[in-house]
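Novice: This is the structure I have questions about; it appears just below.
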Amino acid sequence: MPTPSILLPLRNPIYRKLFSAQVIALLGTGLTTIALGLLAFDLAEDDAGQVLGVALALKMASYVVVAPLVAAWAESRSRKNLLVGLDVIRALAVVSIAFVNQVWEVYLLIVVLSSASAGFTPAFQAVIPDIFEDVEKYTEALSLSRLAYELEALLSPALAAALLGVLSYSGLFAANAAAFVCSAILVLTTAIPAAGAGIARSQRGFARVTSGIRQYLTVPRLRGLFALNLAAASASAMVVVNTVIYVKSDFSLDDSDVAWALGIVGAGSLLVAITLPWVLRRTTDRLLMIRGGLVLALGLVAATLIESFAALLLVWAALGVGLALVQTPAGRLIQRSGNPESRPGLFAAQFSLSHFCWFVTYPVAGFAGAAFGLHITAMILAVLAGASTLLAAALWRSPSHLPAQPAGNT
């Protein structure tokens, strides 16, 4: 039986080990996402949404600030050493969260953990196009990477539900720390390709740090991606911040139901990730991603009508579909918009700018939920998602509506 195309990248031994590291780290991070919501509920109860909103806003602020700094600093340094060191820092930070009993301690450790992730993730993403230069193979690798995210979203809640039957949520933090250590070992034993020479080494200071962002914002397709990032952030903020409030406060259910509700988002995205390589051979990235933004906006409108756990699961699954449609093809856009030397800066810019969007939407989801209720919050985020999708369509025009331009700029 022939190997499914989405699994073909695993034949490459370098990608196979990096993919394994990604899956292990993601699975552990999924446990922490669930545990963090439960910790916030223990520390603040009905104000858990606000605590989680602030914690996640600090996480996003760290991502926005640190990613370009690390990208500039790491240009002439070993990517392997960078990735391993940041995994170790993440392991130490996440295990420490299990011992906090004050809200400010949660905030401090979130900043440390997020700063390490802000350096790790774009550096990791920039390695993949250096392994697969062919666009079809890279698309398959992207889809497999996205599949890992969705399987994590599906399996982490199931694993968390099982573990919470015998452990407190502190054990989930310890499991994530172990996952980061395993990731570090796998990266350490992988022959990672050397980075390009860099496009900004002649620059200094602020110009060098911001070179990736400035290049990113000159490309119409990436400006459209920036707007779509805001639509994705609106939907995921509603899910991440307020699922625990829906399940435990509105529906009076238990911790394992929080895990299952978050897992259904991954189930929706999983359907997209599996079929995406086939779909992208028959349509354009732009059309698919704009439709994904519309799915997110409509899904958030539907969230204003949620009155039961079953309705929550249905709407959350639809949001999972929309998130995958918007987020999975993003790497293809970056690959087409730069060369091996400029891609690390572009990936860092995408990481930083996309998380700036979460920096905006997480506090909205938390504070609006506490002040106005979840239904009004969903409508606010629906308007934001719809407006940003329309903006993306305007910024990233269809080639048939554009004058001739050099390849790579649309």
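Novice: Looking only at the range 337-352, filter to residues that are in contact with an Asp or Glu (Cβ under 9 Å, 6 or more places away or on another chain) and in a helix (DSSP H, G or I); which one of those is farthest from V70 (Cα to Cα)?
Specialist: R343
Novice: Let me ask something else. Among the residues that make up the range 255-264, is at least one of them surrounded by fewer than 23 Cβ atoms within 10 Å (Cβ to Cβ), over 22 Å from L172 (Cα atoms) and at pLDDT below 85?
Specialist: Among the residues of the range 255-264, not one is surrounded by fewer than 23 Cβ atoms within 10 Å (Cβ to Cβ), over 22 Å from L172 (Cα atoms) and at pLDDT below 85, which makes the answer no.
Novice: Which residues, counting only those in the range 136-147, are hydrophobic (A, V, I, L, M, F, W, C) and either outside any helix (DSSP H, G or I) or at pLDDT below 70 (or both)? Spell out how you get there, then give the answer.
Specialist: The initial filter retains those residues of the range 136-147 that are hydrophobic (A, V, I, L, M, F, W, C), namely 141-142, 144, 147.
Within the range 136-147, L147 is the sole residue that qualifies.
Novice: Just checking, does the range 231-245 include any residue being over 23 Å from L333 (Cα atoms), out of contact with any Gly (no Cβ under 7 Å at 6 or more places or on another chain), in contact (Cβ under 8 Å) with a residue 40 or more places away in the chain and surrounded by fewer than 21 Cβ atoms within 10 Å (Cβ to Cβ)?
Specialist: No, the conditions are met nowhere in the range 231-245.
Novice: While we're here: Among the candidates V239, V209, V244, single out the residue that is of a type in the set (V, I, T) and at pLDDT 90 or above. Step through it out loud before you land on a result.
Specialist: Details: V209 fails: at pLDDT 90 or above; V244 fails: at pLDDT 90 or above.
Going through V239, V209, V244 in turn, the sole match is V239.
Novice: Yes or no: the range 69-78 includes at least one residue that is under 20 Å from V239 (Cβ atoms) and either in contact with a Phe, Trp or Tyr (Cβ under 7 Å, 6 or more places away or on another chain) or at pLDDT below 75 (or both).
Specialist: No, that holds for no residue.
Novice: Of the residues that sit in the range 97-121 and are among the polar types (S, T, N, Q) and either closer than 17 Å to A25 by Cβ or in contact with a strand residue (DSSP E or B) (Cβ under 6 Å, 6 or more places away or on another chain) (or both), which one is modelled with the lowest pLDDT?
Specialist: Going through the range 97-121, the residues among the polar types (S, T, N, Q) turn out to be 101-102, 114-115, 117, 121.
Remaining after also requiring either closer than 17 Å to A25 by Cβ or in contact with a strand residue (DSSP E or B) (Cβ under 6 Å, 6 or more places away or on another chain) (or both): 114-115, 117, 121.
On the way: S114: 79, S115: 83, S117: 79, T121: 75.
By that ranking, first place goes to T121.
Novice: Continuing with this model, one more query. Determine whether A40 is in a helix (DSSP H, G or I) and at pLDDT below 75.
Specialist: On the way: in a helix (DSSP H, G or I): yes; at pLDDT below 75: yes.
Yes; evaluated as a whole, the condition is true for this residue.
Novice: Do you know which residues across the range 1-11 are surrounded by fewer than 20 Cβ atoms within 10 Å (Cβ to Cβ) and either farther than 23 Å from V84 by Cα or modelled with pLDDT of 85 or more (or both)? Reasoning before the result, please.
Specialist: At the first step, the residues of the range 1-11 found to be surrounded by fewer than 20 Cβ atoms within 10 Å (Cβ to Cβ) are 1-5, 7-8, 10-11.
Selection gives M1, P2, T3, P4, S5, L7, L8, R11.
Novice: From V326, V315, which residue is closer than 27 Å to R221 by Cα and touching a helix residue (DSSP H, G or I) at 6+ places or on another chain (Cβ under 6 Å)?
Specialist: Numbers: V315 fails: closer than 27 Å to R221 by Cα.
Exactly one of V326, V315 is closer than 27 Å to R221 by Cα and touching a helix residue (DSSP H, G or I) at 6+ places or on another chain (Cβ under 6 Å), namely V326.
Novice: Name the residue, out of L391, L381, that is surrounded by fewer than 22 Cβ atoms within 10 Å (Cβ to Cβ), out of contact with any Phe, Trp or Tyr (no Cβ under 8 Å at 6 or more places or on another chain) and either under 17 Å from I306 (Cα atoms) or modelled with pLDDT of 90 or more (or both).
Specialist: Values: L381 fails: surrounded by fewer than 22 Cβ atoms within 10 Å (Cβ to Cβ).
It is L391.
Novice: Can you spot a residue in the range 218-230 that is surrounded by fewer than 22 Cβ atoms within 10 Å (Cβ to Cβ), of a type outside the set (S, T, N, Q), over 27 Å from M60 (Cβ atoms) and modelled with pLDDT of 70 or more?
Specialist: No, the range 218-230 contains no residue that is surrounded by fewer than 22 Cβ atoms within 10 Å (Cβ to Cβ), of a type outside the set (S, T, N, Q), over 27 Å from M60 (Cβ atoms) and modelled with pLDDT of 70 or more.
Novice: When the range 245-255 is examined, which residues are found to be within 23 Å of the chain's Cα centre (by Cα) and among the polar types (S, T, N, Q)?
Specialist: Those that are within 23 Å of the chain's Cα centre (by Cα) and among the polar types (S, T, N, Q): none in the range 245-255.
Novice: Find all pairs meeting these conditions: Cβ atoms under 6 angstrom apart; at least six residues apart or on different chains; first residue within the range 27-50 and closer than 18 Å to A261 by Cβ; second residue at pLDDT 70 or above and among the charged types (D, E, K, R).
Specialist: Correct list of pairs: L38/D255.
Novice: Select, from I128, I192, the only residue that is modelled with pLDDT of 75 or more, within 29 Å of L276 (Cα to Cα) and not in a helix (DSSP H, G or I). First the steps, then the outcome.
Specialist: Numbers: I128 fails: not in a helix (DSSP H, G or I).
One residue alone meets the criteria, I192.
Novice: Then there's this: What do you reckon, is R281 at pLDDT below 95 and either loosely packed, with under 15 Cβ neighbours inside 10 Å or among the hydrophobic types (A, V, I, L, M, F, W, C) (or both)? First the steps, then the outcome.
Specialist: Details: at pLDDT below 95: yes; either loosely packed, with under 15 Cβ neighbours inside 10 Å or among the hydrophobic types (A, V, I, L, M, F, W, C) (or both): yes.
The answer is yes for R281.
The values are calculated or read from the model by the stated rules, or taken from the named source; none is laboratory data. Being a predicted model, the structure only gives us computed values, none of them experimental. Every residue, glycine among them, receives a Cβ derived from its backbone with ideal geometry; neighbour counts consider all protein chains shown.
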